[in-house]
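Novice: Sharing a structure, written as structure tokens. Questions coming.
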Amino acid sequence: MTGVVVTGWSTVGLAGVGRAALADRLAGAQVAVPTIDGCTVLAEPAPATPVEVTALVDEPLPTPTGHARVDFDVRAHLGRKGTSFYDRATALAVVACGDALRDAQADVNDTNRARLGVVLGTSLGSFRSTSGYTRETLVQEKPYQVNPVLFPNTVMNCAAGQAAIRYGLRGVNATVATGPLAFLDALRYGSNAITCGYVDAMLVGAVEEFSPHRAWVTSLTGRPGQQVPTGEAATVFLLARTVRPDWTGPHPEAEILALTTAYGPGGGAAADRALTGCVRRAVRRAGVDPVEVTAVLTGETEPDDTDEYVPACAALGHEPTRLRVSRLFGRCDAATGGLALATFLAVAPAEAAPALTLLTARSPDGGTAAAIVRGWSGAGASGR
């Protein structure tokens, strides 16, 4: 077991900012379905309708719609100071980090800031910032009159670094760039940093921005006629050590019981076996009965995609409810796992008993990851 709990969280994306906005969207999509015994279970939603996104960009798009928060304004949340040169990915992540700290009622001060860190998952950072800056070096007059203030946006750890600067966090700071696996990899990284004693708490999350670059990648890599529209999101969770008898502050909302990774060379059947083994090891490390896992939250996108669900069910020995958050939030790549966990936490607190869920992720090159999470009864009833 990891010995790590979630004490607060936030999402920023299509639904808006914060847990309340996400809960409203899940309720509208009927993700939480009451059962006859009064419990609440996750249900696979119908695909959400994408919104008009042409106002976000001044470049051609493969389709005029996507899953993005068109009216998002970082200055409305953080003010003008220090935000002028944030790219969209950084803005989403920094707002989510701040809201997660508030949700957890975390008081960051000089006595604890050195023991609080940040790790964020991503695919490429801000692909738009990187490619745009590179283009400027080619089209501007020699000697390459490019604005140097924009250079920090071109590195993948920009969002994590800016979050640490904004909130004065001096602990471990890292970025994990593993695409679809990024959130679960970041969750594993942050949990290890806590259990190894490097920090007392970590902001752990993932971020992907909406941009023409990601929209074209999504369009070109999906199955013809079945592509899930491009989405964007930042999801951040405050992780701390397992609840103690002298625990003060909000009741933890979930415990990260196990995190495992594996690699199936070349993908295909090898990756299927890797993911099945991943899930079995996660169940074993968590010390739970696989029949207690009531839901599998996958990174699958296409309507007929079962690349994660089938291997997971083979390991569990039964078929729990499946939920693909991409049906609600679009293809969010690295942020998909974070949206899955946030979805679970937004619903699990209504359970009459602790709920167990399995999070899975898989990359095209054969990488796989799995996590077992327990949501505690009444954890979210504090009205935060």
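Novice: With THR343, THR298, THR306 as the choices, which residue is open to solvent by less than 10 Å² (accessible area, probe 1.4 Å), of a type in the set (S, T, N, Q), farther than 18 Å from LEU14 by Cα and touching a strand residue (DSSP E or B) at 6+ places or on another chain (Cβ under 9 Å)?
Specialist: THR298
Novice: Is it fair to say ALA106 is modelled with pLDDT of 85 or more, assigned to a loop (DSSP other than H, G, I, E, B) and under 19 Å from GLY190 (Cβ atoms)? First the steps, then the outcome.
Specialist: Values: modelled with pLDDT of 85 or more: yes; assigned to a loop (DSSP other than H, G, I, E, B): yes; under 19 Å from GLY190 (Cβ atoms): yes.
Answer is yes for this residue.
Novice: In addition: Take GLY267 and decide whether it is over 24 Å from GLY190 (Cβ atoms) and in contact with a Gly (Cβ under 9 Å, 6 or more places away or on another chain). Step through it out loud before you land on a result.
Specialist: On the way: over 24 Å from GLY190 (Cβ atoms): yes; in contact with a Gly (Cβ under 9 Å, 6 or more places away or on another chain): yes.
So GLY267 passes the test.
Novice: Moving on to the next point. Report, by residue number, each residue of segment 115-144 that is in contact with a Gly (Cβ under 6 Å, 6 or more places away or on another chain) and open to solvent by 40 Å² or more (accessible area, probe 1.4 Å).
Specialist: Initially, segment 115-144 is screened for residues in contact with a Gly (Cβ under 6 Å, 6 or more places away or on another chain), giving 115-117, 119-120, 123.
The one that is in contact with a Gly (Cβ under 6 Å, 6 or more places away or on another chain) and open to solvent by 40 Å² or more (accessible area, probe 1.4 Å): ARG115.
Novice: Now for a separate question. Taking the stated definitions as given, is GLY171 among the small types (Gly, Ala, Ser) and more than 25 Å from LEU22 (Cα to Cα)? Lay out the reasoning, then the answer.
Specialist: On the way: among the small types (Gly, Ala, Ser): yes; more than 25 Å from LEU22 (Cα to Cα): yes.
Spelling it out, GLY171 is indeed among the small types (Gly, Ala, Ser) and more than 25 Å from LEU22 (Cα to Cα).
Novice: Which one of these does ARG327 not meet: (1) at pLDDT 90 or above; (2) surrounded by fewer than 20 Cβ atoms within 10 Å (Cβ to Cβ); (3) of a type outside the set (A, V, I, L, M)?
Specialist: Unmet condition: (1).
Novice: Spot the failing condition for ALA89; the list is (1) open to solvent by less than 10 Å² (accessible area, probe 1.4 Å); (2) assigned to a helix (DSSP H, G or I); (3) under 20 Å from ALA193 (Cα atoms); (4) not acidic (Asp, Glu), and only one is missed.
Specialist: Result: ALA89 fails condition (3) only.
Novice: Go through segment 190-206 and report how many residues are open to solvent by 10 Å² or more (accessible area, probe 1.4 Å) and within 15 Å of ALA334 (Cα to Cα).
Specialist: Of the residues in segment 190-206, 0 are open to solvent by 10 Å² or more (accessible area, probe 1.4 Å) and within 15 Å of ALA334 (Cα to Cα).
Novice: What number of residues within segment 102-114 are touching a Lys or Arg at 6+ places or on another chain (Cβ under 8 Å) and open to solvent by 80 Å² or more (accessible area, probe 1.4 Å)?
Specialist: If we filter segment 102-114 for residues that are touching a Lys or Arg at 6+ places or on another chain (Cβ under 8 Å), which is where we start, we get 103, 105, 113-114.
Those still in the list that are open to solvent by 80 Å² or more (accessible area, probe 1.4 Å) too: 105.
Within segment 102-114, residues that are touching a Lys or Arg at 6+ places or on another chain (Cβ under 8 Å) and open to solvent by 80 Å² or more (accessible area, probe 1.4 Å) number 1.
Novice: Take segment 330-384 and flag every residue that is at pLDDT 90 or above, closer than 22 Å to ALA29 by Cα and part of a loop (DSSP other than H, G, I, E, B).
Specialist: CYS332, the sole residue that qualifies.
Novice: Follow-up question, since we're still on this one. I'm trying to understand the selection: among the residues of segment 255-287, which are under 30 Å from ARG241 (Cβ atoms), open to solvent by 30 Å² or more (accessible area, probe 1.4 Å) and part of a helix (DSSP H, G or I)?
Specialist: Within segment 255-287, ARG280, ARG281, ARG284, ARG285 qualify.
Novice: Which of the residues spanning segment 52-68 are in contact (Cβ under 8 Å) with a residue 60 or more places away in the chain and either surrounded by 21 or more Cβ atoms within 10 Å (Cβ to Cβ) or in a helix (DSSP H, G or I) (or both)?
Specialist: Looking only at segment 52-68, we keep the residues that are in contact (Cβ under 8 Å) with a residue 60 or more places away in the chain, and these are 53, 56-57, 59-63, 65-68.
Across segment 52-68, the qualifying residues are VAL53, LEU56, GLY66, HIS67, ALA68.
Novice: Would you check which residues across segment 1-43 are in a strand (DSSP E or B), of a type in the set (S, T, N, Q) and at pLDDT 70 or above and list them? Even if it seems obvious, please write down each step before you answer.
Specialist: From segment 1-43, those in a strand (DSSP E or B) are 4-13, 16-17, 32-34, 40-42; that's our starting set.
After this cut, where a residue has to be of a type in the set (S, T, N, Q) as well, the list is 7, 10-11, 40.
Across segment 1-43, the qualifying residues are THR7, SER10, THR11.
The values are calculated or read from the model by the stated rules, or taken from the named source; none is laboratory data. Computed from a predicted model, the values in this text were never measured in an experiment. Cβ coordinates were reconstructed from backbone atoms using ideal geometry, including for glycine residues, and neighbour counts include every protein chain displayed. We work out accessible area using only protein heavy atoms, side chains counted, and drop any ligands, DNA or RNA first. Shrake-Rupley method; radii C 1.70, N 1.55, O 1.52, S 1.80 Å.
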